[in-house]
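The values are calculated or read from the model by the stated rules, or taken from the named source; none is laboratory data. Computed from a predicted model, the values in this text were never measured in an experiment. Cβ sites come from the backbone with ideal geometry, for glycine too, and all protein chains shown count toward neighbours. Each accessible area value is taken on the protein alone, full model and side chains, heavy atoms only, with ligands, DNA and RNA left out. Shrake-Rupley method; radii C 1.70, N 1.55, O 1.52, S 1.80 Å.
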Amino acid sequence: SAYEKYLLGRDRILNPSKERIAEAISLFKSALEVDPMLARAWVDLAWAYSQSTSYGADYATVIPLATQAAQRAIDIDPMDAGAHAALGQMLALNGDFARAKAEFDEAFRLNPGSADILAIYAGWASTFGESERGAELADQVIRINPNYPIAQSGSLYFAYFMGGRFDDALRILDKQPRE
């Protein structure tokens, strides 16, 4: 089913590698062929496209695709906080910080306790002139989910670093696997 394919894709992006991200993109596209209204698949397709840039995908090609996927998710389900956070991330990556902040604010309004959304925003907080808040949000993420996904380490590290909490930033780096 579309949902099963979505879940398989979700599994791939939670433990990323070049191959797993490529599999995730394929699985999300396959899920969307079955059910093009599955907003969560559009959200995670956006994240998979974005993650693919860490493994050599062409930024200029995939970030517009990621932005379109996130916008499609919002069009389908405007109450999906994750979709707003994904769009916020893609807009920020493109330098549209005012619109990005507005999307993050909407994501917080819809789901103020999401560790995932808090982690994403924490990484951008200094860009929005909120370095101390970013470090505080990183603390909140770790309180909510002490076993946060490794993919969030970069945002947490950066939030602490930009907030001037260098020991906390180093603690995050020390927890990352060598690979």
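Below is a table of values for the structure above.
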{"item": "Set of aspartates and glutamates with alpha-carbon distance to residue 18 below 20 Å, sequence-local pairs under 8 removed", "result": "44, 58, 179"}
{"item": "Listed residues 57, 119, 135, most fluctuating in the chain (Gaussian network, C-alpha, under 10 Å)", "result": "57"}
{"item": "Degrees separating the helix 131-144 axis from the principal Cα axis of the chain, which is the longest one", "result": "70"}
{"item": "Electrostatic dipole magnitude of the chain [Cβ: Lys, Arg +1; Asp, Glu -1; Cα centre; debye, to 20]", "result": "240"}
{"item": "Around residue 45: net Lys/Arg minus Asp/Glu count, Cβ-Cβ under 10 Å", "result": "+2"}
{"item": "About the Cα centre, charge dipole magnitude for region 6-61 (Lys/Arg +1, Asp/Glu -1 at Cβ), debye", "result": "120"}
{"item": "Farthest positive-ward along the chain dipole, Cα basis, beta-carbon charges - from 170, 61, 92", "result": "170"}
{"item": "Formal net charge of residues neighbouring residue 4 (Cβ-Cβ distance under 12 Å; K, R +1; D, E -1)", "result": "0"}
{"item": "Probe 1.4 Å, protein heavy atoms only - accessible area per residue of the chain in square angstrom", "result": "50"}
{"item": "Accessible area of the chain belonging to carbon and sulfur atoms, whole % at 1.4 Å probe", "result": "53"}
{"item": "More than 25 Å apart - percent of Cα-Cα pairs taken over region 8-122", "result": "14"}
